[in-house]
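The values are calculated or read from the model by the stated rules, or taken from the named source; none is laboratory data. Just so it is clear, the structure is predicted and the values come from calculations on it, not from any experiment. In case anyone asks, the SASA skips ligands and DNA or RNA and just uses the protein heavy atoms, side chains included. Shrake-Rupley method; radii C 1.70, N 1.55, O 1.52, S 1.80 Å.
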Amino acid sequence: MIKIRRKMHMTLLETVVATALLSVLLTFVFGFFKELSHISLLTEKAQAESFHMRYVEARLGFIFQRTVREKKEGNGKDSRHFFFYTQPPFL
């Protein structure tokens with residue numbers, strides 16, 4: 001008795017199911033990366049704005065420190081500690 005081996009081929013239904021699952025998976029993955037790039041862009045904008053605000057604070061602090069003289073300390077030296085904030089402090 002000779003056994004005949006049949007080749008198992010993928011059916012059309014299996015191919016359609018695999019394609020559907022792959023498309024759902026890729027939709028979620030690409031949606032995740034789109035949101036990630038959007039969040040990255042917003043973060044970069046916020047960092048740039050924060051950098052500019054700190055730069056303005058530093059420059060104004062530097063200018064005001066040299067223009068505003070506070071009273072002399074006991075040792076005869078000028079006390080030139082001036083702090084300038086463009087945003088309210090965090091509570």
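Once the chain from GLU49 to THR15 is taken as fully extended at 0.36 nm per residue, the excess over their C-alpha distance is 7.1 nm. The heavy atoms of SER23 present about 60 square angstrom of accessible area, all protein chains included, probe 1.4 Å.
Taking all protein chains as shown and a probe of 1.4 angstrom, THR15 keeps an accessible surface of around 60 Å². The residues of the range 1-45 expose on average 109 square angstrom of accessible surface per residue, using a 1.4 Å probe on protein heavy atoms. Sorting LEU36, LEU60, LEU13 on solvent-accessible area from highest to lowest, probe radius 1.4 Å, gives LEU13, LEU36, LEU60.
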